[in-house]
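Where a number appears in this text, it was derived from the coordinates with a stated rule and is not lab data. As the structure is a prediction and not an experimental result, all values here were calculated from the model. Methodologically, a virtual Cβ is constructed for each residue, glycine included, from the backbone with ideal geometry; neighbour enumeration extends over all protein chains shown.
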Amino acid sequence: MNNPKETSKRQVRREQIRRKEQRNRLIGIGLISIGAIFIAFLIIYPNFKPVGAIAAPLTFTRPNVDFNAAGSPDAPIRIDEYSDFQCPYCAKFYQDTESQLMETYVTDGTVYFVYNTFGEFIGPESAATAEAAYCAGDQDKFWEMHDIILSNQAGENQGGFADKKILAFAETIGLDMNQFETCFNANTYKDTIDQDMKDGMAGGVQATPSFVMSYMVNGEVKTKLIEGAQSFDGFKQEIEAALAEMGQ
């Protein structure tokens, strides 16, 4: 026959264990909730931060602009840039080299220059800015968006290119905001951006910026991978070598 005192002690212990388990469950739920709120805050907060000042982009002439390309499609040399708008070395190429390349070889019909994004290489803000540039291209302002983005880098995936900031860029360069937002919010160019990365990798691209130079010699397509934010002299050497190979 059970001892009433022992039964009472067991009941007390069971109740203590039950309360402890319940308390641990509540603590666990609380910690999970706090974690979820913190993560949501990190995601949402950048869109509530003040936009802040927007730096003016560099201004230089790109001849015969057609969406994300410049120059003549019939040029003997084509250069495809593969770039990430968050990449500081991509900004360095834009700031230090691109204008000379445009003025010297694109303007005179030697080079056809095409800008390609490189997927979500650095992170989500890479894809967002790529989408913004292509959507701006629908209004013939791809290069204006390209320039203002690269002139306003603020760290990688730190909220510098939150949607609110991108919309401010779009307003600054004078886009039709209804048309832009419809394109941007629908991720209209997601497949194009994904394909950009596949195309770049097929050409040997492993980092940004990289440039695939292609030209024809005796009916055969030749390609040369140029890696990094090379100086103008670096590009000049590669272009002149290709021209010599073509007998020009």
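From most to least packed by mean Cβ count within 10 Å, the peptides 113-126, 187-200 give 113-126, 187-200. Per-peptide packing, taken as the mean over residues of other Cβ atoms within 10 Å, places 162-170, 214-222 in the sequence 162-170, 214-222 from highest down.
3J(HN,Hα) along the range 87-93: 6, x, 6, 5, 5, 5, 4 Hz, from the Karplus curve 6.51 cos²θ - 1.76 cosθ + 1.60 with θ = phi - 60°, whole Hz, x for Gly and Pro. Packing order of peptides 129-138, 53-62, highest average first: 129-138, 53-62 (average count of other Cβ atoms within 10 Å over each peptide's residues).
Of all beta bridges that DSSP places with both ends in the chain, some 70 percent have antiparallel geometry.
Normalised by the number of residues in the chain, the mean separation of alpha-carbon contacts (under 8 Å, six or more apart) gives a relative contact order of 23 percent. Between residue 216 and residue 185, the C-beta separation translates, for a Förster distance of 51 Å, into a calculated FRET efficiency of about 0.75. Mean residue ellipticity at 222 nm, helices only, the chain: -16000 deg cm²/dmol; runs of at least 4 DSSP H residues each add -39,500 (n - 2.57), and the sum is divided by the number of residues. Once both labels are positioned 7 Å from their Cα atoms along Cα-to-Cβ, the gap between residue 154 and residue 60 label points is 2.6 nm. Just how many % of Cα pairs in the chain lie over 33 Å apart, if you round to the nearest whole percent? Looking at the chain, the distances longer than 33 Å represent 35 percent of pairs. Computed from the C-beta positions of residue 241 and residue 177, the FRET efficiency with R₀ = 45 Å rounds to 0.45.
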